[in-house]
Amino acid sequence: MRAKDVWQRLRWVLALVALCALATCPAAQRQCATKRDAGEAPALLGYMVREVKAHLSASGHLPDLNVGPTPAVGTCCAAGTTCARDPSRWREPGWRALRFSIDGSHRFSYQVRRDGAALVLTAIGDQDCDSVHATFEVRLTLDGDRLIERWSQHQPLE
């Protein structure tokens, strides 16, 4: 086989590889962004857990809070894919008691509720706006004077 023929075949293979890379690039970018954005919920729930621990340390009991979901589930997708900064969302007494607000854009709705003796912190989001929700949850209960944290997640990359 001549060098010219090899080069022509190699050009076609390289062109095919380039087209495949271009075709998969948006999907790879979306997947990478979804993984990155999924970190928002555990980080902010972790902040809320620290605030609950501070309250527990000061008062000896879990706060009696029921607030959210804030913003309403689906709000971020209705606005595009993210919720814009809106300080007015976080003015409810429950959020102020936890000293919680989000000062930038975000993709999840947050909720704190009592469930019997437990305090449940939840983040719900639809990161790719396909109507399938990712849910992150922390269930806090007291065992004597010890705080038990049970973290769970359902479809975290949705």
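The values are calculated or read from the model by the stated rules, or taken from the named source; none is laboratory data. Quick caveat: nothing in here was measured; it's all calculated off a predicted structure. Don't worry about glycine lacking a Cβ; one is built from the backbone with ideal geometry, like all the others, and counts go over all protein chains shown.
Please find, among Pro156, Pro93, the residue that is surrounded by 15 or more Cβ atoms within 10 Å (Cβ to Cβ) and either free of Cβ contacts under 8 Å to residues at least 60 places away in the same chain or not basic (Lys, Arg) (or both). Step through it out loud before you land on a result.
Working: Pro93 fails: surrounded by 15 or more Cβ atoms within 10 Å (Cβ to Cβ).
Just a single option satisfies the conditions, and that option is Pro156.
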Long-range neighbours under 8 Å by Cβ, at least six apart or interchain, first residue touching a residue at least 24 places away in the same chain (Cβ under 8 Å) within the stretch 131-145, second surrounded by 15 or more Cβ atoms within 10 Å (Cβ to Cβ) and of a type in the set (Phe, Trp, Tyr)
Ala134/Phe108; Phe136/Phe108
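Which one of these is hydroxyl-bearing (Ser, Thr, Tyr) and in contact with a Lys or Arg (Cβ under 6 Å, 6 or more places away or on another chain): Thr82, Thr141?
Values: Thr141 fails: in contact with a Lys or Arg (Cβ under 6 Å, 6 or more places away or on another chain).
Every option except Thr82 fails the conditions.
For (1) crowded, with 17+ Cβ neighbours inside 10 Å; (2) among the β-branched types (Val, Ile, Thr); (3) assigned to a helix (DSSP H, G or I), each residue gets a yes or a no:
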position	(1), (2), (3)
Leu45	yes, no, yes
Arg50	no, no, yes
Lys53	no, no, yes
Leu56	yes, no, yes
His61	no, no, no
Pro69	yes, no, no
Ala72	no, no, no
Cys77	yes, no, yes
Thr81	no, yes, no
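Considering only residues that are assigned to a loop (DSSP other than H, G, I, E, B), among the charged types (D, E, K, R) and either in contact (Cβ under 8 Å) with a residue 40 or more places away in the chain or touching a strand residue (DSSP E or B) at 6+ places or on another chain (Cβ under 9 Å) (or both), which ones fall in the stretch 105-130?
We begin by selecting, within the stretch 105-130, every residue assigned to a loop (DSSP other than H, G, I, E, B); these are 105, 107, 116-117, 126-130.
So of that shortlist, the ones also among the charged types (D, E, K, R) come out as 107, 126, 128, 130.
Arg107, Asp126, Asp128 - these are the residues of the stretch 105-130 that are assigned to a loop (DSSP other than H, G, I, E, B), among the charged types (D, E, K, R) and either in contact (Cβ under 8 Å) with a residue 40 or more places away in the chain or touching a strand residue (DSSP E or B) at 6+ places or on another chain (Cβ under 9 Å) (or both).
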Selected residue (only one of Gly104, Gly144 is out of contact with any His (no Cβ under 7 Å at 6 or more places or on another chain), at pLDDT below 95 and under 13 Å from Leu44 (Cβ atoms)):
Gly104
For the stretch 101-132, which residues satisfy the criterion of being closer than 13 Å to Trp90 by Cβ and surrounded by fewer than 18 Cβ atoms within 10 Å (Cβ to Cβ)?
Ser101, Asp103, Gly104
Could you please find all residues in the stretch 87-104 being of a type outside the set (S, T, N, Q), in a loop (DSSP other than H, G, I, E, B) and farther than 21 Å from Ala134 by Cβ?
Arg91, Glu92, Leu98, Arg99, Asp103
